[in-house]
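Presented below is the structure to which this report refers.
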């Protein structure tokens, strides 16, 4: 198939637009015409150690495997790309970042509601980072991991889930790209551009592997993110020839080409792959979903989640966060990073913020949609970047949790440390109408006007399945190795529902475990009766309900809302407009960030639930729905 | 240009071929819309019954405001650059009333109740604006003075300095029925101040479709284009019941026993979701299009890169709608005509006031909630900043066809950095200027694609998919790039498939962003997708003149 297309495609191109083809280099990478994946280990923006001519060196020497510290933008030029194209010098302002990749399937699957109802979905599933996703972590990977064929010897003896043998086992990587094939020697593919995939591996893994929520994505500001969507078809609906797309919801200054709206761009057909490209936007909590016939494909379950971590996380320990954001340095003249005259986000026009009219000395602006205003004043005392003196007592690793020595984490580039938190807790609100899904499964056109959600989902689950194993200390990241969750290497326990059955298509229980005293020291005034500061969880909440607004409320632990729609809540003069609250309300297509702080909170179990009481139900069961637990330990 | 627009309109109609194909033949005008309305200080409005045309072929009995036949007003339609304006006796939404704030300024609205006698009284309230008590009110209602069937009532509304912004007006009588039936409209209060910085970015020769230069009395609220959208729903069962009862009581005497309606407005189950009284794709047709005689206003925003677009939004229905603007965030300026501003960016100079030009405090949102009875104003722009690749398809391989991109202090290629401003002749033809005006220069010449395509050089991070295994949309210009010159550089005159982007053909070749309700059920029209609350925002190249007049 692949070989045939390699022959046919250039012929077709010639028939259609001869003028174009004659100007092309041999279109070897246009071959295949079916499933494939790409994850370059070096790009002109992130060349790493690859020589690109010009002047300056890349900030991140190993963009294929790790992040680098942020010390302000560095000017660099390039005269050739890592894959060998040459050109007059291009200038880049290099703020570090890395290359990240992820592959997902677009197809169908089943999930189990909390009352036992099996529900058919149109859905996305993981085709990379499978092991991480089974643990509730993002499936986003560095090229060094991604560019290995998937093999997980701990599951099915290394076979695919459908028991077909995985020829890449043993070997490969449990977080690698399913069916990844390195380009064969002499194929004409550039050595550092990885293109190729084993279609049988995609089908063996991708068919019916849809999950709810769709695979979690997370990366850092300044990253290049390459997201490959492989449309494996909906095996339960062979009558449909549906395309799928990815809409990165909220990407600022988007291109329509990678916006995923099928009316305004392309959509990949069944049996094919296409890759989306994003230079990471401003930090914040976003989400993603299919944009084909949205009232149908979203209701049916094609709803994902996504967040971008701020540069401020990468600022070296001891650096003044205010000056890392607001230092006045320029490429031509600057002092030490982290001082008033140092390079900073203000030194790069892409992330600078000039909210007011130009005045003498600061001629820029006004930009009414600038990234994030600096704080109104330099905090006194200065807020410096900190590092964790001890690891998360619940054992959650970074970047969602932390281990000793990790930098502190922030929801946004705030410049004052006010959005600092310890544990990422992505939360997705959704609703399913079982009638719509049943009609969709049984080859009938679904009716839109009578759509009525009966299941209300937090992370693809309703209470009590949101908290995983009944009575067990399951954990939002699925990382706890405890008596009732004995084997972190096996996903069965992590994805268990309240009936202890495995729910691999619902890989994200929502049980938030926080210590009220083992958080980073010195980040609070220790309350009387407590031995330390509590941990803070950042609730990254998105709502993809297609039908109505949803409210979430806490009892006992207030939330501090610090961001809305992927932007810090701050006026243009730099005053924080955070909202301390016990409830938040979101419409479909909205997101917000709220921090819960366990400092001074007595140990016990607290609830995150909807006060829309009719949503505390699982269809006919009148207790369930939008509810999860927050467990505070001493 | 007109032939292009005619082709464009008929293509829109193909989206719902059965419903709209006939209408396409009637279409003569293009659709790009400002915020049209009637301007003055004295308005004579009529309240009456008419039919609302929907793209599924339904004509739904409704009530709305319009201009009285004998009216000396509207004295003027605005903006003056939008031609073909009409003000029928009944329209959905009602006429947009455009007024200018001022010291002791007022405007008056005289309402004539031409509703069927059985409908009883009606009225208008102006939430957020001060209305004088009506002298010798003959029919004092619960909320305001009402007009009996056949009668009139006159309201005097104050618009002092500081009341600039977008406001709603709607019936103050039996609101559960009368608002559902369509008795609502907008008041746009223009600021009395002007600011030098509000026109400096305005390109030479562009026809000005703005009602003002700024949304508020604040020099940070400048804008280049403006679009008003009013969001509402219809439950056709209510409308059918009202129509049946009106017919059954056709000859009754107003005020007589039994001359009234008893329409069940609950349970509420709407299945028409309207922007400016129309469902998609009708909202993409022209303002004042003759095929929608009672729905004169459209929803079809267009802009050029870097232009500031004032988004005026009113929730006029029963429900909230999460209005998702693809493409970028929106800065909320104010709610109900109240500017949101930072309280004290400089404590030494005392507290800020709305008119002292403080910094802004409204949120940046990619979803702007429309809320019943609430209006908001926001600013949107799209500039491509931060994409990481040249969306104009420039690479150093373009050679002589490659324009420069010298950054101004903000990083864009503008007159401040030597770009020649786009100019247009009276016929709307691009006559000169930089085709890449307002390009984000950091990404100039940075390639996207690994392989060279046409004159677009390689070396970028991406290997694009095989175009034969993808399906393309009607607004897709066939390339990742913006503008006809970029399309030509990239794929040649015939972009791979389809041969033409029928809704966005060369020489327009813009990029399109869907603006819609993200409660996705609401982008349907009575069970049919696509429809409902859905618009397409086109970011057009500067070589394409956005003519909001046609």
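Values in this text are rule-based calculations from the coordinates and carry no lab data. What you see is a predicted model; the values in this text were computed from it and never measured. Positions of Cβ are generated from backbone atoms using ideal geometry, with glycine treated the same way; all protein chains shown enter the neighbour counts.
In table form, for the structure just shown:
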{"read-out": "Pairs of alpha carbons in the stretch B:415-456 whose separation is greater than 11 Å (percent)", "value": "73 percent"}
{"read-out": "In nm, spacing of pseudo-spin labels at residue B:42 and residue A:403 (7 Å Cα→C-beta vector)", "value": "8.1 nm"}
{"read-out": "Neighbour-count ranking [beta-carbon atoms within 10 angstrom, fewest first] of B:51, A:564, A:35, A:87", "value": "B:51, A:87, A:564, A:35"}
{"read-out": "Per-residue mean of C-beta atoms belonging to partner chains within 10 Å, peptide A:583-590", "value": "6"}
{"read-out": "Hull-based mean projected area of the stretch B:282-331, where the convex hull spans the alpha carbons, in square nanometres", "value": "4.8 nm²"}
{"read-out": "Mean residue ellipticity (222 nm) of chain B, computed from DSSP H runs ≥ 4 via -39,500 (n - 2.57), nearest 500", "value": "-2500 deg cm²/dmol"}
{"read-out": "Mean separation of Cα contacts under 8 Å, 6 or more apart, over the residue count of the stretch B:231-316: relative contact order %", "value": "33 percent"}
{"read-out": "Sites residue A:77 and residue A:340, calculated FRET efficiency, Cβ-Cβ separation with R0 22 Å, nearest 0.05", "value": "0.20"}
{"read-out": "Cα gyration tensor category, rounded, prolate or oblate, for the stretch A:99-312 with a/c compared to 1.5", "value": "rounded"}
{"read-out": "Most to least packed among A:109-122, A:571-584, B:155-168, B:245-258 [average Cβ atoms within 10 Å]", "value": "B:155-168, A:109-122, A:571-584, B:245-258"}
{"read-out": "Inter-chain shielding of B:87-97 (mean C-beta neighbours from other protein chains, 10 Å cut-off)", "value": "0"}
{"read-out": "Helix axis angle, B:2-13 relative to chain B longest principal axis, alpha carbon, degrees", "value": "70 degrees"}
{"read-out": "Globularity ratio of the stretch A:163-280, using Cα Rg and 2.2 N^0.38 Å", "value": "1.18"}
{"read-out": "For the stretch A:541-634, the spread of Cα positions along each principal axis, largest first, Å", "value": "50, 39, 14"}
{"read-out": "Rough spin-label spacing in nm, given labels placed 7 Å along Cα→Cβ, for residue A:57 and residue A:382", "value": "2.7 nm"}
{"read-out": "Sites residue B:318 and residue A:583, calculated FRET efficiency, Cβ-Cβ separation with R0 30 Å, nearest 0.05", "value": "0.85"}
{"read-out": "Fewest-first sequence of B:179, B:220, A:240 by Cβ atoms within 10 Å of each Cβ", "value": "A:240, B:179, B:220"}
{"read-out": "Alpha carbon Rg of the stretch A:233-364, scaled by the compact-globule rule 2.2 N^0.38 Å", "value": "1.50"}
{"read-out": "Bridge type composition, the protein assembly as shown - antiparallel percent by DSSP, nearest 5", "value": "75 percent"}
{"read-out": "Rounded FRET efficiency, nearest 0.05, which uses the C-beta distance separating residue B:425 from residue A:86 and R0 of 35 Å", "value": "0.25"}
{"read-out": "Fraction of beta bridges assigned by DSSP in chain A that are antiparallel (%, nearest 5)", "value": "75 percent"}
{"read-out": "Mean Cα-pair separation over length for chain A, i.e. relative contact order, pairs under 8 Å, 6 or more apart, %", "value": "12 percent"}
{"read-out": "Kirkwood-based Rg to Rh ratio, the protein assembly as shown, C-alpha trace", "value": "0.96"}
{"read-out": "For the stretch A:376-433, the fraction of alpha-carbon pairs in successive 5 Å shells from zero, as %", "value": "4, 16, 22, 18, 14, 11, 7, 4, 2, 1, 0"}
{"read-out": "Acute angle (nearest 10 degrees) that the helix B:17-26 long axis makes with the longest principal axis of chain B, alpha-carbon atoms", "value": "90 degrees"}
{"read-out": "Chain B, relative contact order [Cα under 8 Å, separation at least 6], %", "value": "15 percent"}
{"read-out": "Average beta carbon contacts from partner chains per residue of A:391-404, 10 Å cutoff", "value": "0"}
{"read-out": "Intensity falloff of chain B expressed as log10 I(q)/I(0), Debye formula with alpha-carbon point scatterers, at q = 0.11 Å⁻¹", "value": "-0.98"}
{"read-out": "Ratio of the Cα radius of gyration of chain A to 2.2 N^0.38 Å, where N counts its residues", "value": "0.96"}
{"read-out": "Inter-label distance, nm, simple model (7 Å from Cα along the C-beta direction), residue B:156/residue A:164", "value": "8.2 nm"}
{"read-out": "Between helix B:236-248 and chain B: long-axis angle, C-alpha atoms, 0 to 90°, nearest 10", "value": "30 degrees"}
